[in-house]
1. What does the charge count near His113 come to, summing +1 for each Lys or Arg and -1 for each Asp or Glu among other residues with Cβ under 10 Å from its Cβ?
2. Over the range 56-188, with a single point scatterer placed on each C-alpha, what log10 of the ratio I(q)/I(0) does the Debye formula yield at q = 0.12, 0.14, 0.18 1/Å?
3. Check every DSSP H run in the chain and write down those whose alpha carbon atoms cover 27 angstrom or more along the long axis and whose mean Kyte-Doolittle hydropathy is 0.0 or greater.
4. Just subtract the alpha-carbon distance of Asn109 and Asp495 from 0.36 nm times their residue separation and send over the number in nm, one decimal.
5. So, in nm, how far is label Val16 from label Ser94 when the simple model puts each one 7 Å beyond its Cα toward the Cβ?
6. Among (i) 114, 44, 19; (ii) 61, 43, 21; (iii) 41, 28, 25, which one is semi-axes √(5λ) of the Cα gyration tensor in Å computed from these coordinates?
7. Hey, how many Å between the Cα centroid of the range 91-115 and the Cα centroid of the range 464-514?
8. Quick one: Karplus J couplings for the range 257-263, per residue in order, coefficients 6.51, -1.76, 1.60, θ = phi - 60°, nearest Hz, x for Gly and Pro?
Amino acid sequence: MSIRLKVILPYLLLTVVVSVIGVYVVTRLVANTMRERLTNQLLEAGRVVSDNFVRQEVTHVETARIIAFTTGMADALANEDSDAALVLAAPVISGLGVENLILISPQGNELVHLIVNENGELERVLENTGASSSPIVVPFLTNRNAQEAPHRALGVNLVNDGTYYYTSIPVSSNGRFSGVVVIGTSIRNILPFLKSTSLADIIIYGGNGQAVGTTLGAADQDTLKVVSISQDEFRKIIASSDLVTGNNFPLDGRMYSLARGPLQVGSDRIGVFAVVLPLDFVIQSGLDSRTTYIVLFTFVFLVVIVIGFFVSLVITKPIYSLVNTSKVIAGGNLDQRTGIQSNDEIGTLANNFDEMTRRLQERTNELEQMNETLQKIDKTKTNFIQISAHELRTPLTLIMGYSQMLEQDTKNNSQLKKLAEGILEGSERMNDIVDSMLDVSRIDSNALFLRKTGLQIDQLIKKVQKGFTEAFKERKIKFDTNGLDKLPIIPADPDLLQKVFYHLIMNAIKFTPDGGSITVSGQYLNGTEPPRVEVTVRDTGIGIDAGSKSTIFEKFNQTGEVLLHSSGKTKFKGGGPGLGLAIARGIVEAHGGHIWVESVGYNEQTNPGSKFFVSLPAEKVVEKES
């Protein structure tokens, strides 16, 4: 994110927050007050509906008890005397205004069923309507407990398909269960009373979420279908503990808001009801004022953006200049300067930056001059090594030739022969040093020419081992190989690679005490790309300290005190010019390989040993299917 955005975003964010809060507060002050009034009225209407159902329940229970305790009623039901039960019940219900009465015997038979028809007349139902199997009757017939509490439910009367609010109580005689009295009141007749007392329209829902009665509109089937809810929503509401405000909905061109809640009487939840109010009194001015304030705050928002842009421009212009200058300097142009002239913090930063650049330029020039000098010195050193090696080669050849002739002529003189052999041995060692100096010279000048052929590592190691046979025997050092015969043929220069392992094994001999061991092992790494052959030269010598691991592959590097080194090249801690590992690294890297060392440290008492690794590219070997 650019600094310009970082400067302007706080202004922008603050303006958005203030605008949103302003619009919310101003437009909601009126609207929320009216909505709160609507919600409170819905909640109050819901409480009125619940209270009226409780009052209706009290009326049902009182009426049912009057019938149940009518003299002779318990015996009539127990004896299943329907005529006697009808004679006893008819006068009572006529005076109490009962809409639906059902009397059931202890055996579960429907003895008396009276219902008020559409003409307001009390009519007897002769067929069995299945009332004895309803949820509010079955518990009494099952438990036969004369003291059981009343049960309530909403149910459909099969005689007229009307929905009724039913209450059932047991009939007893001397503590003995004698039957059941069921009192019902039509929901259609309850709804007008609920509307007048709650000052809201009412909806009553059955067990499947279908609206079974309402005071809205014409209260026909289309209206009931509009206000019905799903069965899942019905279960959620009937399980809730309070009135739940529902959604707004249109009906006959008018918007309504409703709240639904469980219809609970006593311990029974018999259904769900809803109270409904129109939204007309939520004033339209709230919406109008919202638009006005949104336009106002949008204008303020745009003004703040413009101001923030110009403020950010003043702040960020010198910063961008500083950034661009730093990019140019990072690209290598140390002559670039910021050119910022101001008295503020940014001006101070720019001045310090320019001063830092000037000093960096001075130090860079000094380093470049020193680097040129070092390159000249290194070139001179390389030339000296090359010239010295070539100049030494000729006299060494003469010395070696005369030494060999002298050795042949002194066969009969043991003392002179020993001297001749000493001269020849020293000449050969000096010749090895000269060869090493020439190899280093070729490596430094990138003049190392590779003559690659198919090379078998195990044969190469055997050739190197043969050259050290006398040294192994003299020093009692055990030499082993492991896995070399399983390595594939690799493309490499055999003469140069022989020098690599010659120097590595000679190095292992020099720093391994008498009686130690050297092991050369190899493995083929087919999982890498490209595949590689890894050869390890492992010894039981005195080890290498951690500080020397990064320098032992440099030219003329020596470990330990040089003056304490032995004069023999294969003696313990034998001497040498310190070129062997440098030559090995140069040859390995020329082959596209890698050489490194691992050692836990230097210790001449415990002899932790060292492991030199040579990794060389190899051709991919296709495994044969078994």
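1. With Lys, Arg at +1 and Asp, Glu at -1, the neighbours total -2.
2. So the normalised log intensities work out to -0.38, -0.52, -0.91.
3. Once both thresholds are applied, what remains is 3-68, 285-330.
4. My answer for the length gained is 127.2 nm.
5. Output for this residue pair reads 7.9 nm.
6. Matching the structure shown: (i).
7. So the two Cα centres are separated by 118 Å.
8. 10, 9, 9, 10, x, x, 8
All of the numbers you see were taken from the coordinates with simple rules; none came from a lab. None of the values given here were measured: they were computed from a predicted structure. So basically every Cβ, Gly included, is an ideal-geometry build from the backbone, and we count neighbours across all protein chains shown.
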